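The values are calculated or read from the model by the stated rules, or taken from the named source; none is laboratory data. Owing to the predicted nature of the structure, the values given are computational and were not obtained by experimental measurement. Cβ placement follows ideal geometry from the backbone for every residue including glycine, while neighbour counts extend to all protein chains displayed.
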Amino acid sequence: MRKKSVSPETIKTISTLFVAIIFMIIVLPLSSIYTKHMLKNAENKYFDNMETILDGYSSIVTLQLQNYKNSLDAFYVKHIFETEDENEITNFLVTYKYKMNKEFTFIYFLTPSGKAYTTEGTTIQMNKEKHTALIGEPELYISNLGKVPGTDNYTFCIEETIRAKDGRIIGVLGASISINDFINDNINIKLGNKESFMIIDRDGYFLMHQRKEIIGTTFAPDAPAYSNFASINLAKSGPGTFTTKADNGDIVYIMTHKIPETGWTIGLKISLSEIEAIYKPQKKSSLQIVFVSILVIILLVLVEGWIVSLIQKKQLIATVYDPLTNLWTRQRFEIEAAKMIRFSPRSKFMLIEADIRGFKFLNQNYGEEAADKVILYYSQMLNKWISEFKSIIGRGFADHFYILIKITSVHRAMNTFKEKMDELDDYLKSYEIPFFPKFGISFLMPGEASRGITIQGLIGQASFAKSTIKDNMLTQYSVYNSRLLEKINEERFIEEHMQQALDSKEFFVMYQPKISLADERIVGAEALVRWNSPKLGLMTPDKFIPLFERNGFITKLDFFVYEEVFKFLQARLIKGETVVPVSVNMSRNHNKPEKFMHDFLEIFNKYSIPPELVQVEILERSVMDSNTLQDITNKLHKEGFTVAMDDFGSGESSLNMLTKIPVDVLKFDREFLNSSTNSNGEIDSKSAKFIHILIDLSKNLEKQTVFEGVETQAQRDFLRSIECDQAQGFFYSKPLSEQDFIQFIKLHS
Ligand code: C2E
Ligand code: CA
Ligand code: CA
């Protein structure tokens, strides 16, 4: 009745997984791409900035050099120098020294011969090869680094070519500048700790470096891999950005520019750790992205959970109430019942599973709509029925209802149940389509719940009890007890062991004598099977034959009994002892005369016994129709066997059949004597008359008459008085073992 739907938990799990997967597929790579992009951007920006700074710095240096040139130009007085008079020039230099730019150590005039006159009044001999301004290439010359002899000071020179009116080079005007002054006063830009500027001259000597001691020297990294980036090489290569190893072992970037007119290289050293310092905030922001994403996911899952719970609630409404009856569904009933039991651990409970007998039939014959109405009516009656108790009710599949009632005692509950059941029955019978209820009942005793008996278990027990009711119209309810289960278990055991029991001869035959009423002598016997099971003990057929009839094993057992009987008879005959005819039972399952005869004869022919010694008892109420019965009887007759009709009178068509079926013997059912004998053991006269007529009728039809279940002398006397032929029953003998039977024959022949 209930539609099968995916459980909300499954939906939730799947969708959460789905969201997580979507997250991993989309958000994580995106954020990592984004982060990488950001970092790259930041790095680029950083380098751009550094480039700008380097540019600016290089401009400052250029400007400063320009400034020096201007100072030098200002110092140059054309008519003095054009005199080419060394004395005059020397005087001028010394006299106007005070006009000299403060950053110059001194100014000098260098003549083509290599002699230089200074503002200090001294004359120095210079290497004229080095001062190329002397030949005008270039006109403005800025030297490499040089060391002032006898000091730790480094200097460089700026020199300009001086020409006469006719353009002839008459010398060079130059200025010596101390590196310390050059750096400290002009280019004193402080950067972060990790970055530093450097200037190297054309030969790779440091004019400027963070560490003063490097100034005036060259530097080459220890690691051969970085040898290209030694200062000598940097001085020669064009501008660019290089990775190398600093003198302290750090990996660094060096970004270089060339300072115009000087051939010097200005460099900016950036250590990797400085770059990492930029990364850090970026990494932080990527962490933030992940963090925010996780937050978003949690939010999504929460929202999703909320939506799912909404759906769930909607579904729940469907699963809580059964739409037809408005009662709780079985699921909800189970939940509520479990609660009820949990809250009263010391109470006793009665669980009833109710349904309608033959509901399927009702459904098919009256239609679904009418059947639904029946269910609705039934539910209302049941609901009313239990309303005065502390109880709950729910509906399961189709016509199944579940009721849990809190009770005070099992005995009282059962009494009330029976009273109420009759009442309910009347209501149901008077409905437009009369129907009959069926109940399975189980009880829960205090403490059983804590021993693991659940509401589902309880329902299972009630269900099981109900299933044992079967077709019996007189039983309307069944109470679960462990014996019921034992019976089922026993049947299972029997089914599992029957074949093996047959193979290992656990079955054996007993013989119950048949006595001639005329002379009290034994005239025959019936073979009755027994099972001696090592596990279940000695069993009479009522324990296993109904089961064997259901599962078909009875036909095998029948043939086993026949063979045992034939064996017994043959053994007696060989020994020359007295024998009586023995009747064997043919179960109702044999319904193919051909096959039965074939199998029967196959066994029979293994032995040499006259067929007259064998009688076959066929049940009146067997599944065979009268034609088949007739057929098999004829076939048995043809082979010389006699045939008895067993349990004659128990069926409905007994009298009809009498004339049709050519049996030799009528074995009157035990019930004849049972029902006509009163508590004093006397035969009721009305019944007596009826039996008398039947015996007379049988005699007229030339049938022998045998009565079963003769237990008392009164019964025996009565049968004798109406001239019944034979009697079988406890009055003469119970079924006997082979040995006892042999004795019996000896005594009663
Ligand atoms: P049945 O064929 O009517 O067998 C007679 C039953 O009545 C036997 O029960 C016997 O023990 C019992 N009986 C005999 N005298 C009296 C008496 O004075 N009072 C009472 N109350 N009962 C008496 P048993 O041996 O338990 O067999 C029960 C049934 O099992 C048989 O009823 C028969 O239908 C079936 N059965 C027994 N053996 C076989 C067999 O080998 N094959 C088949 N197919 N069925 C068998
Ligand atoms: Ca029988
Ligand atoms: Ca019988």
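Quick check on residue 127: is it polar (S, T, N, Q), surrounded by 15 or more Cβ atoms within 10 Å (Cβ to Cβ), farther than 18 Å from residue 77 by Cβ and out of contact with any Ser or Thr (no Cβ under 8 Å at 6 or more places or on another chain)? Give the steps one after another, and end with the answer.
Working: polar (S, T, N, Q): yes; surrounded by 15 or more Cβ atoms within 10 Å (Cβ to Cβ): no; farther than 18 Å from residue 77 by Cβ: yes; out of contact with any Ser or Thr (no Cβ under 8 Å at 6 or more places or on another chain): yes.
Here the answer is no, as residue 127 does not meet what is asked.
Sort out which residues of the stretch 103-124 are more than 20 Å from residue 167 (Cα to Cα), surrounded by fewer than 17 Cβ atoms within 10 Å (Cβ to Cβ) and hydroxyl-bearing (Ser, Thr, Tyr), and write them in order of number.
Result: 122, 123.
Name the residue, out of 528, 502, that is within 15 Å of ligand 1 (Cβ to nearest atom), in a helix (DSSP H, G or I), within 29 Å of residue 611 (Cα to Cα) and in contact with a Phe, Trp or Tyr (Cβ under 8 Å, 6 or more places away or on another chain). Please lay out each step first, then the result.
On the way: 528 fails: in a helix (DSSP H, G or I).
Just one listed residue meets the conditions, 502.
Quick one: would you say residue 675 is of a type in the set (Ser, Thr, Tyr), part of a helix (DSSP H, G or I) and within 16 Å of ligand 1 (Cβ to nearest atom)? Yes; evaluated as a whole, the condition is true for this residue.
Just give me the residues in the stretch 659-693 being surrounded by 18 or more Cβ atoms within 10 Å (Cβ to Cβ) and in contact with a helix residue (DSSP H, G or I) (Cβ under 8 Å, 6 or more places away or on another chain), in sequence order. Selection gives 661, 663, 666, 668, 672, 673, 676, 677, 683, 691.
Does residue 682 satisfy being away from ligand 2 (no atom under 16 Å from the Cβ) and of a type in the set (D, E, K, R)? For residue 682, the condition - away from ligand 2 (no atom under 16 Å from the Cβ) and of a type in the set (D, E, K, R) - is met. Of everything in the stretch 482-540 that is among the polar types (S, T, N, Q) and farther than 30 Å from residue 466 by Cβ, the residue that is nearest to ligand 2 (Cβ to nearest atom) is 512. For the stretch 653-682, which positions are of a type in the set (Val, Ile, Thr), more than 13 Å from ligand 3 (Cβ to nearest atom) and under 24 Å from residue 512 (Cα atoms)? Across the stretch 653-682, the qualifying residues are 663, 677.
Considering the conditions (1) surrounded by fewer than 14 Cβ atoms within 10 Å (Cβ to Cβ); (2) touching a strand residue (DSSP E or B) at 6+ places or on another chain (Cβ under 9 Å), residue 426 is excluded by exactly one of them, (2).
For residue 543, the criteria (1) of a type outside the set (Asp, Glu); (2) within 16 Å of ligand 1 (Cβ to nearest atom); (3) under 23 Å from residue 740 (Cα atoms) hold in every case but one, which is (3). Just so you know, in the stretch 133-159 the residues that are modelled with pLDDT under 85 and acidic (Asp, Glu) include one that is surrounded by the most Cβ atoms within 10 Å (Cβ to Cβ), and it is 139. Selection over the stretch 177-199 of residues that are more than 18 Å from residue 153 (Cα to Cα) and at pLDDT 60 or above gives a count of 3.
Identify all residues within the stretch 582-601 that are away from ligand 3 (no atom under 16 Å from the Cβ) and closer than 20 Å to residue 642 by Cβ; write none if there are none.
590, 593, 596, 597, 598, 599, 600, 601
Residues that are within 60 Å of the chain's Cα centre (by Cα) number at least 2 in none of the strands (runs of 3 or more DSSP E) confined to the stretch 38-136.
Any idea how many residues of the stretch 430-458 are under 30 Å from residue 372 (Cβ atoms) and among the hydrophobic types (A, V, I, L, M, F, W, C)? Walk me through how you get there before you give the answer.
Within the stretch 430-458, the first condition is being under 30 Å from residue 372 (Cβ atoms), and the residues that meet it are 430-442, 455-456, 458.
From what is left, the residues that are among the hydrophobic types (A, V, I, L, M, F, W, C) are 433, 435-436, 439, 441, 455, 458.
Residues in the stretch 430-458 being under 30 Å from residue 372 (Cβ atoms) and among the hydrophobic types (A, V, I, L, M, F, W, C): 7 in total.
With respect to (1) of a type in the set (Gly, Ala, Ser); (2) modelled with pLDDT under 95; (3) away from ligand 3 (no atom under 16 Å from the Cβ), the lone exception for residue 571 is condition (2).
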